[in-house]
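Taking it in order: structure first as structure tokens, then the write-up.
The values are calculated or read from the model by the stated rules, or taken from the named source; none is laboratory data. Source: prediction; values computed, not measured. With ideal geometry, Cβ positions are generated from the backbone for all residues, glycine too; neighbour counts draw on all protein chains shown. Each accessible area value is taken on the protein alone, full model and side chains, heavy atoms only, with ligands, DNA and RNA left out. Shrake-Rupley method; radii C 1.70, N 1.55, O 1.52, S 1.80 Å.
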Amino acid sequence: MFHPLVFDNIKVVLEGAVYDRDFEGSITIIGRSDTMDLATFHRQFQIDFRLADEFGEAKGVFAQMQLRTSLADIAAEQLEQPLTEHIGCTICIHFFMTVTDVQRETEAVAQMLNDIWGNRPYITQTIKAKLDEYQLHWPPKQYENQITLDFHRKIDEGNIEDLRGLVDHTIASLTQLHAVLVKRS
């Protein structure tokens, strides 16, 4: 009989929790992807969403929840062999937004997210600008900011009850990040 992987079980619950919030009207799902990389044999599921009232804004903020598992985790689970220390998958949350005052806004974003998440995930911010768009007007008026929350640990079915809270925290973060953009406008 077929036994779903830890990854499949977590993916179904995570996807359901995000779609529930979409059906409630608090967010709008704007993309999803479920891929198998045959070169490295890892699986990845990601779902992108924004606040429902922000749907038409081209330069708004959106979140991406990303779930991954590796060959070692899949093989260990299927073969029932201890090929990895802990069988499971990793989850990262990304937020995408623009910033104008890089120093001030990135510090504010980090502080706000640490307040919401209780200093738990490791937060990195990657700032970028397309040079071809700004050749004549350097420095640019705004930069793209990818904010990554990495928990640096694997999760398994024992963490399924935490997924709704994870989605709620992600939406709370989106709300606060959206407020930064509105305040700036």
Sorted largest first, extent of the chain alpha carbons per principal axis (Å): 59, 37, 29
Partners for Lys141 among lysines (Cα-Cα distance below 29 Å; same-chain residues under 8 apart left out): Lys59, Lys128, Lys130, Lys183
Solvent-accessible area of Thr148 with every protein chain in place, 1.4 Å probe, in Å² to the nearest 10: 20
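What percent does the relative contact order of the chain come to when contacts are Cα pairs within less than 8 Å and at least six residues apart?
On the way: 285 pairs, mean separation 41.7, N = 185.
Relative contact order, the chain: 23 percent.
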Stretch in the chain that is longest and holds no chymotrypsin sites (Phe, Trp or Tyr not before Pro) that DSSP places in a loop and that have at most 13 other beta carbons within 10 Å: 56-185
Around Arg43: net Lys/Arg minus Asp/Glu count, Cβ-Cβ under 13 Å: -3
Glu107-Arg153 FRET efficiency (beta carbon distance; Förster radius 35 Å; 0.05 resolution): 0.85
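Work out the length of the dipole vector of the chain about its Cα centre, built from +1 on the beta-carbon of each Lys and Arg and -1 on the beta-carbon of each Asp and Glu, and round it to the nearest 20 debye. Could you put the intermediate results ahead of the total?
Details: 17 positive and 28 negative charges, 127 e Å.
For this selection, approximately 620 debye.
If you wrap a convex hull around the alpha carbons of the range 108-185, what volume per residue comes out, as a whole number of Å³?
Working: hull volume 9.1 nm³, N = 78.
Output value, Cα hull per residue: 117 Å³.
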